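Student: I'd like to ask you about the structure that follows.
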Amino acid sequence: MAITEKATPMKNAPLRVPPRTKLTGEQFAGDWTPTHASQPDYGILFIPDIAIPLPDGTILRGDLYRPDADEAFPVLLAWSSYTKELQNTGLPLPINEVGQVSYLVARGYCHLTVNARGAGKSAGQHMMHFSPQEHKDVADVIEWAATQPWSNGNIGMIGMSYFAAIQYLAAAQQPPHLKAIFPYLGFTDLYRHFAYHGGAFHSGFFAPYYTFVGSTQSLSVPPVLRHLGSYLLNRNWIQRRITSFFFKNEEKMPQQMHPEGEWMRDFAQLAFDEPYDGPFYREKSAWPVLDRIQIPVCIGTNWANPGIHSRGAFQAWHGIHAPKKLFIGPPDPRWPWSNYHGELLAWYDFHLKGMDTGVNEQPPVRYWLQGADCWKSATDWPIPDTTTQRLYLHARSERSEDSHVLQATHPTQSTTLQFAAIPRGTNYPKELEKHISQRLTYLSEPMLEDTEVVGPVKLQLILSSTAIDTHVVARLSDVAPDGTVRLLSFGWLQASHRRIDEQLSRPDEIIHEHRHPEALTPSQPVCLSFSLTPTANLFKKKHRLQLEIGSRPDLLKATVFDGFIYFPYEAPPYLARNTVFHGESDTSYLEVSIRGKDGVPLPDA
């Protein structure tokens, strides 16, 4: 249920129309309430386009909201290359991710949204996202903010997506006044999480993303219109309609808007010049420097973001050795960012104000168990008390379009199934789909009892292709007895990128090199091993686990209308017929983790 709050300015406060606050979705990671919490005791002052000098003389611009009082307060910094002019308007755009300003400022925090160098109204040369210069700039702004008269020197950071990913990089710079961070939905690997999916360019996301962000850089919206807009637009039914329009037109948008040239050059560099991992991506990614973070970190994510941010939370959990918490909430794809503000307030009340909120006593890991629709907790991730279960793929018949088998024992005979790999956009007869399957479906037997599948998901396929390269997409679902399908997890891999990076891989995730592609020999089987996104789901009695395999991301997709943030991308590269091998010697299997005292074995075929 939405919580609406009007942060009324104190008498004679300059800001007569503050942004409307609306909190939606889960506000706490778990069923708990802070023992103490800051109260909405303050009116709001607003200083737009505040000048922030960098050491080299470049002037950045930011919007400062602060309490209307003659004292100093902790500062929450929101940083990105997105225009600040649309923040706090209530528009449900995927760039409006700085949080509910009035909620936080009324409770005694300064909220500072800053545009990166060369973005929006900030001066300086435009740079690719997350460049080393940007890391330094963020640290310099943190130290600048700590010295301002409205700041008490305790700095945190705020925001989701870009605003979250930059927090890891800022903390790794170790600016002295940054006391804690709260990255919610932040990727940690620019190549694997953001630019390429298993080696395939993330065009379905990048085309509308770079078009929209690049087209809005020069916007200038008067503050009063932004704030008034939040009262009109920050309403569920309006936001649903705008979200629907945005995502239904995401493929048309790149052809209709006119982004600035620098943003198109960024797109071209990612698409044409940097198709493989290496120094270009490493210096812009958080994963190599996570161990430099020394301050407390609350890592947040949800089950709705397999396409960009989900994996980053788990990589951060393993890479950060400072005090940390991890929570994974229910699927919740929405903008502006409006959930987990209670959790964030308790985190910063404790770390920036020294209040005894109880947040530090919460379990190290909290996660939403789908299917049961409740919060669970654990001491670590992956969950310690789980049992790994392999389910072997097997053909029920020779017809690829039939439903086939996931079974707990090795198949007693070798079988094969084939599916067509047809690149998205290829012109082919519609009748072809009646005779040639583009996906394979495998189902477990109905569950004998309620079963919690919680943790990593891995897939090994013995596969051959008639082409020199192909792409594989895998999708995991919960199928109810009435046939209702609930999507859970996704994975992908370009076959030529199958070489595993043994140093980067962890027990809970297979990570590939993406540096030295190896062409397939047509019709010669290879082993593809890759991780799907982690999951936590209660398969109720008589429900089945379903695995689908294909080559078309747009056929094995999830959309915001399904409750997911997941975009199609350009794969496979060639028309091909792919063959999956099953059997005692050709072992294709799915591997999941089952939570319970001794593990509950999944039913066999």
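Student: Before anything else, pin down the relative contact order of the chain: Cα pairs under 8 Å, at least 6 apart, normalised by residue count, whole percent.
Tutor: That works out to 15 percent.
Student: With a probe of 1.4 Å, find how much accessible area segment 173-296 has per residue, and write the answer as a whole number in Å².
Tutor: Per residue, segment 173-296 has an accessible area of 45 Å².
Student: Which order do peptides 251-263, 198-210, 416-428 fall in by mean Cβ count within 10 Å, highest first?
Tutor: Highest to lowest by the protection proxy: 198-210, 416-428, 251-263.
Student: Follow-up question, since we're still on this one. Please list 3J(HN,Hα) in residue order for segment 96-101, calculated via the Karplus relation 6.51 cos²θ - 1.76 cosθ + 1.60 where θ = phi - 60°; whole Hz, with x for glycine and proline.
Tutor: 8, 9, 8, x, 8, 4
Student: Note the angle between two axes, namely the Cα long axis of helix 223-233 and the longest principal axis of the Cα atoms of the chain, as a number of degrees from 0 to 90, rounded to the nearest 10.
Tutor: On a 0 to 90 degree scale, this one is about 50.
Student: What net charge do the residues around residue 280 carry, taking every other residue with its C-beta under 11 Å from that of residue 280, with Lys and Arg at +1 and Asp and Glu at -1?
Tutor: -2
Student: I've got another one for you. Accessible area per residue for segment 367-475 in Å², computed with a 1.4 Å probe and the full protein assembly in place, what is it?
Tutor: Values: 4790 Å² over 109 residues.
That works out to 44 Å² for each residue.
Student: Once the other residues with Cβ under 11 Å from the Cβ of residue 94 are scored (Lys, Arg +1; Asp, Glu -1), what is the net sum?
Tutor: So the surrounding residues net to -1.
Student: Go through segment 36-50 residue by residue and turn each phi into a ³J(HN,Hα) via Karplus (6.51, -1.76, 1.60, θ = phi - 60°); whole Hz please, and just put x for glycine and proline.
Tutor: Those phi angles translate into 9, 8, 4, 9, x, 9, 10, x, 10, 9, 10, 10, x, 6, 4 Hz.
Student: Could you order 347, 144 by accessible surface area, starting with the largest, using a probe radius of 1.4 Å?
Tutor: 144, 347
Student: Given a Förster radius of 56 Å and the C-beta distance between residue 529 and residue 70 as r, what FRET efficiency does 1/(1 + (r/R0)^6) yield to the nearest 0.05?
Tutor: So, using R0 = 56 Å, E works out to roughly 0.35.
Student: Same structure again: I'd like the distance between the alpha-carbon centres of segment 127-156 and segment 30-59, rounded to an integer number of Å.
Tutor: Taking the Cα centre of segment 30-59 as reference, the centre of segment 127-156 is 13 Å away.
Student: Put a dot 7 Å past each Cα toward the Cβ at residue 360 and residue 385; how far apart are the dots in nm?
Tutor: Rounded to a tenth, the inter-label distance reads 2.7 nm.
Student: Of 399, 16, 499, 506, which has the most accessible area and how do the rest follow, probe 1.4 Å?
Tutor: From most accessible down to least: 16, 399, 499, 506.
Student: Calculate what fraction, in whole %, of the accessible area of the chain sits on carbon and sulfur atoms when a 1.4 Å probe is rolled over the protein chains.
Tutor: That share works out to 51 percent.
Student: Moving on. Could you give the nm distance between label points at residue 410 and residue 242, where each point is 7 Å from its Cα heading toward the beta carbon?
Tutor: Roughly 5.9 nm, to one decimal.
Student: Continuing with the same structure: Between segment 290-304 and segment 389-436, how far is it from one alpha carbon centroid to the other, in angstrom?
Tutor: A separation of 39 Å, based on Cα centres.
Student: Also, quick follow-up: Probe of 1.4 angstrom, ligands and nucleic acids ignored: what's the accessible area per residue over segment 529-595, in square angstrom? Let's see the in-between values first.
Tutor: On the way: 2120 Å² over 67 residues.
I get 32 Å² per residue for this part.
Student: If you don't mind, another one. Order the peptides 332-339, 21-28 from the highest to the lowest mean number of other Cβ atoms within 10 Å of their residues.
Tutor: The densest-packed peptide leads the list: 332-339, 21-28.
Student: Still on this structure: Angle between the Cα long axis of helix 236-248 and the longest principal axis of the chain, 0 to 90 degrees, nearest 10?
Tutor: Between helix and principal axis, roughly 50 degrees.
Student: Between residue 489 and residues 5 or more places away or on another chain, which pairs have amide H atoms under 5 Å apart, with H built 1.01 Å from N, and which residues are they?
Tutor: 476
Student: Once you have a ≥ b ≥ c as the square roots of the Cα gyration tensor eigenvalues for segment 235-360, tell me rounded if a/c is under 1.5, and otherwise prolate or oblate according to whether a/b is larger than b/c.
Tutor: Details: a/c = 2.50, a/b = 1.29, b/c = 1.94.
The shape class here is oblate.
Student: Still on this structure, I have one more. What's the angle, to the nearest 10 degrees (0 to 90), between helix 162-172's Cα axis and the longest principal axis of the chain?
Tutor: Helix 162-172 sits at roughly 80 degrees to that axis.
Student: Can you give the net charge of the other residues whose Cβ lies under 10 Å from the Cβ of residue 30, counting K and R as +1 and D and E as -1?
Tutor: With Lys, Arg at +1 and Asp, Glu at -1, the neighbours total -1.
Student: Next up: Just tell me which aspartates and glutamates come within less than 15 Å, Cα to Cα, of residue 540; anything on the same chain fewer than 8 places away is out.
Tutor: Correct list for residue 540: 373, 445, 449, 450, 452, 478, 482.
Student: List the lysines whose Cα lies under 28 Å from the Cα of residue 84, skipping any in the same chain that are fewer than 8 positions away.
Tutor: Hits, sequence-local ones excluded: 6, 11, 22, 121, 136, 179, 248, 252, 284, 353.
Student: Could you calculate the contour length gain from residue 427 to residue 256, that is, 0.36 nm times the residue separation minus the distance between their Cα atoms, to one decimal place in nm?
Tutor: Extra length available between residue 427 and residue 256 comes to 59.2 nm.
Student: Here is a further query. For the pair residue 16 and residue 540, what calculated FRET efficiency results from E = 1/(1 + (r/R0)^6), where r is the Cβ-Cβ distance and R0 = 60 Å, to the nearest 0.05? Please report the intermediate quantities before stating the final value.
Tutor: Values: r = 53 Å, r/R0 = 0.88.
The formula returns an efficiency of 0.70 here.
The values are calculated or read from the model by the stated rules, or taken from the named source; none is laboratory data. These numbers were taken from a predicted model, which means no experiment stands behind them. Because the Cβ atoms are built from the backbone with ideal geometry, glycine has one as well, and the counts that use them run over all protein chains shown. SASA here: full protein model, heavy atoms, side chains in, ligands and nucleic acids out. Shrake-Rupley method; radii C 1.70, N 1.55, O 1.52, S 1.80 Å.
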